[in-house]
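For reference, the structure discussed in these notes is given below.
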Amino acid sequence: MTALKVLFIGGSGQISSACSQRAVDLGLDLYVLNRGRTSSRPLPAAARLLQGDIRDPASARDAIGEHEFDAVVDFVAFTPEHVQADIDLFAGRTGQFVFISSASAYQTPVGRLPIVESTPLRNPIWPYSQAKIACEELLVRAYRDDGFPATIVRPSHTYDRMNLPFDGGWTVVDRMRRGKEVVVHGDGTSLWTLTHHADFAKAFVGLLGHPQAIGDSFHITSDEVLTWNQIFDLVGAAAGAQPRLVHVTSDAIFAVDEQWGRSLLGDKAHSVIFDNAKVRALVPDYVATIPFAQGAREIVAWHDEDPARRQVDARADELMDQLVERYGRGA
């Protein structure tokens, strides 16, 4: 049986690195198009590098040459212009084109839980999500009008050992270890889903080359649901610290830092629970098996291996001090 021939655009990012490893582990013939620069997440040895820049159509075309693929995945498309360039490049050259959208494209705040793939797409707050929705709309039209073989995948909050799940990153853990208060949006009881990238890859690679995935959309998440208080407590436990949580409304955070506030009001401030039945119908053995308690230990261990990884953001630290002074300590 001939191995599935797949092209990943990107391939060494937070999500795509696990998908690359999963693909080669399952025997897929994996090609990766990127600029060939060094990465903290190196490609598997079995992957074949096509060195080119997807943002430069001539460079990408030269790198791909005469290749045709069973599936192409673009992990780095964020605007309709990016997607249109993909359509122009791969129409007639792939049996499937997979776009990585975002679960933050779903109705925000959501009107009904759990979230399913037919949940409306609307995010009036976050430009990132609005752009992803526009990308999806372009692909749906291309499929309906021209038969372009699009599949849309919506990750929710997917992480690996290099990334903390909250704004401020390592600065939050550093504050925990110094005994300083850390800021949690809202009252910390909204529900959230965190998915380890290795779990995501199990379902994702199962969709590649699947004829029933063409023209359709899927989200892929863990089934574990945690409150934000629990998420902070699990990271604190992994870091050997007892977090001192100060709760601040997302609106108040927005007032002092628009970018941080938009990432909350447009996404993390709202409870989410996902129904993964649709992806399981095509990938029946998919189950997320890595709880965040384990993921938190992986994250802290990776940062503790090298002092250079434990970067403190002075501006984020100061912002948290301001918020704690105003809303914490009995204020």
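The values are calculated or read from the model by the stated rules, or taken from the named source; none is laboratory data. Computed from a predicted model, the values in this text were never measured in an experiment. When we count neighbours, we look across all protein chains shown, and the Cβ atoms used for this are built from the backbone with ideal geometry, even at glycine. Please note that ligands, DNA and RNA were not included when accessible areas were found on the heavy atoms of the full protein model with its side chains. Shrake-Rupley method; radii C 1.70, N 1.55, O 1.52, S 1.80 Å.
Residues whose amide H comes within less than 5 Å of that of Val184, counting only those at least five positions distant or on another chain, are Val246, His247, Val248 (H built at 1.01 Å from N in the peptide plane).
Please label the shape of the range 196-263 as rounded, prolate or oblate, based on the square roots a ≥ b ≥ c of the eigenvalues of the alpha-carbon gyration tensor (a/c under 1.5 means rounded; beyond that, a/b larger than b/c means prolate, else oblate). Walk me through the numbers on the way to the answer.
Details: a/c = 3.82, a/b = 1.76, b/c = 2.18.
Verdict is oblate for the range 196-263.
3J(HN,Hα) along the range 140-157: 4, 5, 5, 5, 5, 7, 10, x, 4, x, 7, 10, 10, 10, 10, x, 9, 7 Hz, from the Karplus curve 6.51 cos²θ - 1.76 cosθ + 1.60 with θ = phi - 60°, whole Hz, x for Gly and Pro.
Between Leu49 and Val32, the built amide H atoms are under 5 Å apart, and every one of these is 5 or more places off in sequence or on another chain.
Give the whole-number value, in cubic angstrom per residue, of the convex hull volume spanned by the C-alpha atoms of the range 74-196. It would help to have the intermediate numbers written out before the result.
Numbers: hull volume 17.3 nm³, N = 123.
With only Cα atoms used, the range 74-196 gives 141 Å³ per residue.
Normalised Debye scattering of the range 167-223 at q = 0.28 Å⁻¹ gives log10 I(q)/I(0) of -1.12, counting only Cα atoms as equal scatterers and leaving out solvent. Heavy-atom accessible surface of His67, to the nearest 10 Å², is about 50 Å², with a 1.4 Å probe and all protein chains retained.
With protein chains left intact and a 1.4 Å probe, residues in the range 198-331 average 46 Å² of accessible area per residue. Per the Debye calculation on the range 79-118 with a single equal scatterer at every Cα and no solvent contribution, log₁₀ I(q)/I(0) for q = 0.14 Å⁻¹ amounts to -0.50.
Using helices alone, I'd like the mean residue ellipticity at 222 nm for the chain: each DSSP H run of four-plus residues gives -39500 (n - 2.57), total over residue count, nearest 500.
On the way: 12 runs with 125 residues, N = 331.
One gets -11000 deg cm²/dmol as the mean residue ellipticity at 222 nm.
Solvent-accessible surface of protein heavy atoms, probed at 1.4 angstrom with all chains present, puts Asp317, Asp53 in the order Asp53, Asp317, largest first. Here Met162 and Gln212 are evaluated by their C-beta separation; at R0 = 41 Å the FRET efficiency comes out at 0.75.
For the Cα trace of the range 179-331, dividing Rg by the Kirkwood Rh returns an Rg/Rh value of 1.04. Sorted largest first, the principal axis extents computed over the alpha-carbon atoms of the range 1-106 equal 34, 32, 28 Å. In the context of the full protein assembly, Ser17 retains an accessible surface of approximately 20 Å², using a probe radius of 1.4 Å and ignoring ligands and nucleic acids. Listed values for the range 204-212 are Karplus-derived 3J(HN,Hα) couplings in whole Hz (6.51 cos²θ - 1.76 cosθ + 1.60, θ = phi - 60°), namely 4, 5, x, 7, 5, x, 8, x, 6, and x replaces Gly and Pro.
Excluding ligands, DNA and RNA, the accessible surface per residue across the range 1-142 is 47 Å² with a 1.4 Å probe. Close amide-amide hydrogen proximity is noted between Ile9 and Leu33, Val73, Asp74, Phe75, each under 5 Å apart and 5 or more residues distant or on a separate chain (H modeled in the peptide plane; Pro and chain starts excluded). Summary of packing: across the peptides 141-147, 23-29, the per-residue average of other C-beta atoms within 10 Å ranks them, highest first, as 23-29, 141-147.
Of all DSSP beta bridges confined to the chain, the antiparallel ones make up roughly 10%. Coupling constants for the range 176-193 follow from the phi torsions by the Karplus curve (6.51 cos²θ - 1.76 cosθ + 1.60, θ = phi - 60°), and in residue order they are 4, 5, 8, x, 8, 5, 10, 8, 10, 6, x, 9, x, 9, 5, 9, 9, 10 Hz; glycine and proline get x.
Kindly give Rg over Rh for the chain, based on alpha-carbon atoms, with the Kirkwood expression for the hydrodynamic radius.
On the way: Rg = 20.5 Å, Rh = 20.9 Å.
A ratio of 0.98.
Hey, any idea what % of the range 210-304's accessible area is carbon plus sulfur with a 1.4 Å probe? Don't skip to the answer; put the middle values down first.
Values: 2050 of 3990 Å².
Summing carbon and sulfur atoms, their accessible area is 51 percent of the total for the range 210-304.
Listed by chain and number, the aspartates and glutamates placed with their C-alpha closer than 14 angstrom to that of Lys132 are Asp74, Glu81, Asp267; residues fewer than eight positions away on the same chain are left out. Arg178 contributes about 120 Å² of solvent-accessible surface, heavy atoms of the protein only, 1.4 Å probe.
Protein heavy-atom surface of the range 1-159, 1.4 angstrom probe: 50% of the accessible area is carbon and sulfur, with nucleic acids and ligands not counted.
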